[in-house]
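The values are calculated or read from the model by the stated rules, or taken from the named source; none is laboratory data. Everything numeric here is computed off the predicted structure, so don't read it as measured data. Neighbour counts are summed over all protein chains in view; Cβ atoms, including those assigned to glycine, are modelled from backbone coordinates with ideal geometry. Areas reflect the complete protein model, heavy atoms only, side chains present, ligands, DNA and RNA absent. Shrake-Rupley method; radii C 1.70, N 1.55, O 1.52, S 1.80 Å.
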Amino acid sequence: QVQLAESGGGLVQPGGSLRLSCAASINVFSIRTMAWYRRAPGKERELVAGITSGGRTNYADSVKGRFTISRDNGKNTVYLQMSSLKPEDTAVYYCKVTMWTLNDYWGQGTQVTVSS
C-alpha cells in the first residue's frame with residue numbers, strides 16, 4: 001500500500017505563493033506519474049499538473065505560467081509551487097501517483113484558501 005503525505009496548504013492573500021509537497025512511502029522509481037488535482041467547492045475534481053518519470057510536465061490552462069510541478073527523486077517527493085494565486089485557486093488539493101502497474105493512489109488532500 002502506497003501512502004502519500006501532503007503538506008503546505010494554508011491561507012494566502014491574492015497574488016501570494018505557496019508550495020505544496022507530497023511525500024510517497026515508496027521509491028519514486030516505482031511510480032509512473034505524479035500529479036496534483038484539486039476540487040473547489042461545488043465543482044468536480046480537476047487535474048492541475050502532472051509530471052512523468054522522465055520529467056515531462058503538463059498543466060491545466062488555468063494555471064500555466066503560475067504553477068510549477070517538480071519532483072525530487074531522492075526524497076520520493078513531488079512539489080507544486082504556486083505563484084500569483086487567485087481566489088479561484090481556492091480548493092482542496094490532492095496528490096495522486098500512478099504506478100507502473102497502473103494502480104492509482106491518492107493523498108488525503110490539503111486545503112488552499114486564497115482570500116484577502
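Numbers for the structure displayed
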| quantity | calculated |
| --- | --- |
| Chymotrypsin sites (Phe, Trp or Tyr not before Pro) within region 12-109: DSSP coil, no more than 12 neighbouring Cβ in 10 Å | 100 |
| Per residue accessible area in Å² of region 1-81, where ligands, DNA and RNA are left out and the probe is 1.4 Å | 55 Å² |
| Rel. contact order, % - alpha carbon contacts under 8 angstrom, at least six apart, region 36-116 | 26 percent |
| Gaussian network model of the chain, springs between alpha carbon atoms under 10 Å - residue of 69, 26, 51 with greatest fluctuation | 26 |
| Rounded percent of accessible protein surface that carbon and sulfur make up, the chain, 1.4 Å probe | 46 percent |
